[in-house]
1. Consider GLU85 carefully, then state whether it is surrounded by 13 or more Cβ atoms within 10 Å (Cβ to Cβ), assigned by TED's automatic domain parsing to the domain that holds PHE114 and either among the acidic types (Asp, Glu) or at pLDDT below 85 (or both).
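The values are calculated or read from the model by the stated rules, or taken from the named source; none is laboratory data. A quick note: this is a predicted structure, and the numbers were derived from the prediction, not measured. FYI the Cβ positions are ideal-geometry reconstructions off the backbone, even for glycines, and counts take in every protein chain you see.
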Amino acid sequence: MIRKGLDIFLTINLVAMMLLLGYWWYTGMIVVQFNPDEPTVERFVSVEETVFANTLQSEVDRVLGVPERGYEPYMFLAVFPGLAETDFANVEASTGRYLVVDGRLMHKIGPDEFRHDAATAISRPGMQTLLNNISLRTGINLKQSGTITEIMAAISNE
């Protein structure tokens, strides 16, 4: 009888742990990146990254509508006049990454990468790169006294 109760208790705890980890992964609090040449890397997404990504995406949703295949640079460029194509340099997409070639933003996919309909959508790590690029260009240092509010003002008002 005790053994059966212990089994039920452990099963409930295992299911709860899996649901919690699934929620964290779904909300972007845990991002798992896969590179076949390196071991799997997990990192926690900062509050600033989450607020930045959610704010940009919410504004795109409000102005242009919710995209079916993820958020792409042209959407953010259309909504935020203070963004520049160079802000998207080296931003990771679902597949591949964005590069600035001859002053133009281009999406590049490696020969071994899988191509699909949402390949051009900016990934969570890509949003971090975008935030870092904007921070460098505007001189707003988030590690010191800079804030996401200042970043958003800079890309909204220029």
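1. Spelling it out, GLU85 is indeed surrounded by 13 or more Cβ atoms within 10 Å (Cβ to Cβ), assigned by TED's automatic domain parsing to the domain that holds PHE114 and either among the acidic types (Asp, Glu) or at pLDDT below 85 (or both).
Yes/no per residue for (1) farther than 25 Å from ALA153 by Cα; (2) modelled with pLDDT of 90 or more; (3) of a type outside the set (Lys, Arg):
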| site | (1), (2), (3) |
| --- | --- |
| ASP37 | yes, no, yes |
| VAL45 | no, no, yes |
| GLU49 | no, no, yes |
| ARG62 | no, yes, no |
| ARG69 | yes, no, no |
| PRO81 | no, yes, yes |
| ASN90 | no, yes, yes |
| THR120 | yes, no, yes |
